[in-house]
Structure formats: C-alpha cells, structure tokens
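One structure below.
The values are calculated or read from the model by the stated rules, or taken from the named source; none is laboratory data. All values reported here derive from a predicted model rather than from experimental measurement. Because the Cβ atoms are built from the backbone with ideal geometry, glycine has one as well, and the counts that use them run over all protein chains shown. Accessible surface areas use protein heavy atoms only, side chains included; no ligands, DNA or RNA. Shrake-Rupley method; radii C 1.70, N 1.55, O 1.52, S 1.80 Å.
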Amino acid sequence: MTLAAAFKSSKLISWKSTGRLQQTVAGCIERTGNTLHSGEVSTVKLWPELAGKGRYFDFRSNLIPASVDFAEESPLCTTLHKDGFRIRTVEHLLSALEAAGVDNCRIELQNSDPKVCEVEVPIFDGSASEWVKAIEQVGLKVATDQCGNSCEKMAPYVNEPVHAWRKDSFVAAYPSQKVHITYGIDFPQVHAIGCQWFSSAPLDNYFYSKQIASSRTFCVYEQVEQMRNSGLIKGGSLDNAIVCSASKGWLNPPLRFPDEPCRHKVLDLIGDLSLFAQFGSQGLPVAHIVAYKGGHTLHTDMVRQLSYNQEKI
C-alpha cells in the first residue's frame, strides 16, 4: 500500500496530492536561546527525517509527534504532552516548518536541568524569523523512505464549512482551491491595537516569509504583572515581544507592520493548524480560514474538529 492510500477522503475532508514530493531539511540546524514562559535557556536541533515520518519532538529520547492528539490546553502557548514529558511554545517553530515545506523532521530539544520533565522552544525575537532564516540557510531536500523511495505530499481539502467557537470567538474553514487566511482581533480598551483585520493572498512560502514570519508576539502592558504572578512570561522582555499600554500606546516601537499583532495571530494559527499533519502530509487545510479573537486553545479545537470528521484507514 502506498503512503497516499493511508488517507481516505470523507464527506468533510478530501486528501489530494499537492503535485510535490515530501521534503526534509538538507542538514542539521541548531539554535539556542532564551524561552518566553520559563525564562530558561534551551537548545533545538532540527534533523533530517525519512519520508512518511512527519514532524516529531525528541526530548531525552522520548518521542512526541507534532499532532493534535498530544496537544493539551495551556495558557498563552501550545503545549504537547506525552508520558509525563511536555514540550511548550511549539507554535512558532511549527509555523515556520509548515510554511517552508519541512514535512519530515526530528526536533531534538535540550534544557539546562536534567530533573525537569518539560522543555520550551526558544522565543528569539518573538517571531518565526530565526527559524525561517535557518531553514533557508541549510536548504531542503526530497525525503525518501527506508527503501530510498520518494513519497508524494498530500493535502487536506475542506469540502464543507467547519467551525469551532468559544463565546464570541471562532475559527471557520470554507471550501477553497487555495489556502487563504482572514484573521480579526479586537482590543477595545487598548486603542493602539483596537480592531484589526488581516487577509492573506493565496498563502505560500514566499508570502509567509515576507508578510507573516517577522511579526512578533504581543501583549498588553497592564496584564504583564498578572501573567507573571501566574508563572508565565518569566523570560518576556521588550526584546522578544511588542508591548502595548492602554494609556501610553506601544512601548517599544516601531512596529514591523501597522497590523503586526493581527499578522502574528496568523503566524500562530498556521503553527497550530500544522498539528493536523500526518505521515509527512500538509497540515494546513486547503480552505479559506476565517478566525476572530482566536487563541491557541480555539485553534487546536479547530484541528480536533477536522480530525474528528475525517476517516483514515
């Protein structure tokens, strides 16, 4: 049975060939940096992997697939959990890998404390730029299986509208022949952010690298103390986030885009939707995806909706 035969179309999802072969990184990528929430230092190594293996994390020889099956609800980041081990803040790295077409990859992580059973991906400047540059430097190659054969890359096409919502927030996907993303945010008490909408052209690696990857994570200054009291953003600073005050506006301008906060939500969404990937397939659904006031929990709710409604052999 070919790898493509492992996917069975359902009423909601049709798996179709992209016309491209699965890829992996052409060599090892290693980056070390500070983390956002724990404030510790961690090291990530991206290794080439066989076709069909997909993307997965390797923390002290414990393997955790980059799949929604292992995603758990956590504040302000996406966390994967398996057998007592946790990988936190995976969304920016996975976003870059998905957009660049790194379909198969072993993601090895190391932290500074061997007694701690969780590790966090470095935050760098709060965007995905560091990962995009690293991938561009090392390049990609066609991934082959254990027999040396290449595998076609499949993508999930949405046949009917599907949605997930919580209170007044939602994510919806509508049938489309190209990937489009429309995202809205609303911060009525923070006028410098306010209500923003961003809509992508047909999303590809070039558009992502030029228009999405460099957008940084953001926060409201008046909420910083509360977040730190909750054990979050211990490593947060003006060097790895853009911070906006309700009364004073942006504390560390200039912005890279007028709507940088909204673009960063698109970056996060791509990383979270990549958790739909299987066997080296594309995770991002081919659809017009519309989101409003979303977050990591709602994004992964959407992936679970897609997973629940698909049929796989």
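Ignoring any ligand, DNA or RNA, what whole percent of the accessible area of region 223-313 comes from carbon and sulfur when the probe is 1.4 angstrom? Kindly include the intermediate steps, with their values, before the conclusion.
Details: 1840 of 3720 Å².
Taking all protein chains in place, region 223-313 shows 50 percent carbon and sulfur surface.
About its Cα centre, what dipole magnitude does region 13-128 give when the only charges are +1 on Lys and Arg Cβ and -1 on Asp and Glu Cβ, stated in debye to the nearest 20?
It comes to approximately 360 debye.
Say a paramagnetic label sat at a point 7 Å from the Cα of residue 167, along Cα to Cβ; which residues of region 262-297 have their backbone N under 14 Å from it?
What the label zone holds, given the 14 Å backbone N cut-off, is 293-297.
Tell me which residues come under 5 Å, amide H to amide H, from residue 157 once H is placed; ignore anything under 5 positions away on its chain.
Amide H to amide H, under 5 Å and 5 or more residues apart or across chains, residue 157 pairs with 14, 15, 16, 286.
222 nm [θ] for the chain, helices only, -39500 (n - 2.57) per DSSP H run of 4+, per residue, to 500?
Roughly -5000 deg cm²/dmol at 222 nm, from the helical runs in the chain.
How large is the accessible surface per residue of region 193-313, computed with a 1.4 Å probe and reported in Å² as a whole number?
The answer is 43 Å² per residue.
What does the accessible area per residue of region 1-111 come to in Å², with a 1.4 Å probe and no ligands, DNA or RNA counted?
Roughly 39 Å² per residue, with all protein chains present.
Can you list the residues of region 237-261 with backbone N under 20 Å from a point 7 Å past the Cα of residue 224, pointing along Cα to Cβ?
237-256, 260-261
Using 0.36 nm per residue of separation minus the Cα-Cα distance, give me the extension gain between residue 174 and residue 140 in nm, one decimal.
Working: separation 34, 0.36 × 34 = 12.24 nm, distance 3.10 nm.
Roughly 9.1 nm would be gained on extension.
For residue 245, which sequence-distant residues (separation of 5 or more, or a different chain) have an amide H within less than 5 Å of its own amide H, given hydrogens modelled in the peptide plane?
Under 5 Å from the amide H of residue 245: 221, 250, 251.
Out of residues 5 or more away from residue 21 or on other chains, whose amide H comes under 5 Å of its own, with H placed 1.01 Å from N in the peptide plane?
Those qualifying (amide H under 5 Å, at least 5 residues apart or on another chain) are 153.
Using the Karplus curve 6.51 cos²θ - 1.76 cosθ + 1.60 with θ = phi - 60°, work out ³J(HN,Hα) for each residue of region 280-290 in order, rounded to whole Hz, and write x for Gly and Pro.
Couplings: x, 7, 6, x, 5, x, 7, 5, 8, 9, 10 Hz.
Beyond 26 Å, what share of the Cα-Cα pairs of region 1-125 is found? Please give it as a whole percent.
25
Can you compute the charge dipole magnitude of region 203-245 about its Cα centre, using +1 on each Lys and Arg Cβ and -1 on each Asp and Glu Cβ, nothing else charged? Give it in debye, rounded to the nearest 20. It would help to have the intermediate numbers written out before the result.
Values: 4 positive and 4 negative charges, 17 e Å.
Approximately 80 debye in magnitude.
Restricting to lysine pairs 8 or more places apart or on different chains, what number in region 25-153 have Cα atoms under 20 Å apart?
So the count works out to 10.
Hey, what angle do you get for helix 129-138 against the long axis of the chain, alpha-carbon based, 0 to 90 degrees rounded to 10?
For 129-138 against the chain, the angle is about 30 degrees.
Once a ≥ b ≥ c are taken as the square roots of the eigenvalues of the Cα gyration tensor of the chain, is the result rounded (a/c under 1.5), prolate (a/b larger than b/c) or oblate (a/b not larger than b/c)?
oblate
Round to the nearest 10 and give me the degree value, 0 to 90, for the angle of helix 91-100's Cα axis relative to the longest principal axis of the chain.
The answer is roughly 50 degrees.
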